[in-house]
Amino acid sequence: MYVEQYGSGERTFLAFHGWGGDHREFAPLAARLPGDCRLLSVDLPGYGQSPKPPRWDLREIVNDLVREMDARSLHAVTLAGFCSGAVLALLVAQQVPARVQRIVMIDPFAFVPWYFRIFLAGALGRFFYQSAFASPLGRQITTRVLQRRQSTNDDFMAAFSRVDHETTQEWLRLLHRAGPVSRFAGLSVPIDIAFGENTFAAVRRSVREYGSILPQARMHVLRHAGHLPLVREARQLAALLFG
């Protein structure tokens, strides 16, 4: 599994990107990395420079992430997850809670919204996915549709021009099958949840759901941000993550 390291300080942050991204999503935060920190940004299986897994099984992928922590002797680490990557952070923390100091969830989803679930409907869903994500015209149209679901002009489809579309469809299936957020009840690791002031309604609902089962979670509204705060509001996020 490919991991990009920024910095060489003792305070360690392990980051998981979102559904259509790769390790480069955290580069804007790396540019604001304090000298006593190191940021390890993962290419999740099938993304960027990481190979596809032998089998698309979420439990096995989480085990691989823990083995990556073992190989790097990571203890007392902060896990950061953007979008769907926040689910990975929670799953890893569930497995090795004693090794996780804190979790920072950035604009997280707790479920797959209906307008993405249509891509899971067999052959017809694959056709809709290819139409929406695999062609330049489809990405332009999809961006306009998604922009209307929040109050920013973020370009959501830029990352999908360079992804492996089989990978993104498989991850969508994994995330849909991951189960309700109630499975994280009882997780006692300190948690910060940061979400854009102008993000999707589905993210705002997700934040409420996470808050209901993770009472220790502290909520942070990222002013002027939509669903891509790593790009638009890196300064706010860096202060929260590294401060």
Computing the accessible area with a 1.4 Å probe over protein heavy atoms, can you report the carbon and sulfur percentage for the chain? 52 percent
Extension reserve of the A134-S182 stretch, reckoned as 0.36 nm per residue once the Cα distance is removed: 13.9 nm
What FRET efficiency comes out for the pair E197/R117, r = Cβ-Cβ distance, R0 = 25 Å, nearest 0.05? 0.45
Could you sort the peptides 57-66, 225-234 by per-residue average Cβ neighbour count (10 Å cutoff), highest mean leading? 225-234, 57-66
Beta bridges per DSSP with both ends in the range 1-53, % antiparallel, nearest 5: 40 percent
Under 12 Å by backbone N from the virtual spin label 7 Å along Cα-to-Cβ at Q101, the residues of the range 1-37 are 9-14, 36-37
Kindly express, to the nearest 10 degrees and within the range 0 to 90, the angle between helix 201-213's C-alpha long axis and the longest C-alpha principal axis of the chain. 40 degrees
Honestly the range 1-113 on the Cα gyration tensor test (a ≥ b ≥ c root eigenvalues; a/c under 1.5 rounded, otherwise a/b vs b/c for prolate or oblate) is just rounded
Accessible area per residue, Å², the range 66-145 with all protein chains present, probe 1.4 Å: 43 Å²
Within the range 183-204, name every residue whose backbone N is under 18 Å away from a label modeled 7 Å from Cα of R223 along the Cβ vector. 194-199
Within the chain, helix-based [θ] at 222 nm, where runs of 4 or more DSSP H residues each add -39,500 (n - 2.57), nearest 500: -11500 deg cm²/dmol
Taking a crude spin-label model, label points 7 Å out from Cα along the C-beta direction, the R32 to D57 distance in nm is 4.0 nm
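The values are calculated or read from the model by the stated rules, or taken from the named source; none is laboratory data. Since the model is a prediction, treat every value here as computed from it, not as a measurement. Cβ coordinates were reconstructed from backbone atoms using ideal geometry, including for glycine residues, and neighbour counts include every protein chain displayed. Remember, those area values only see protein heavy atoms, side chains included, never the ligands or the DNA or RNA. Shrake-Rupley method; radii C 1.70, N 1.55, O 1.52, S 1.80 Å.
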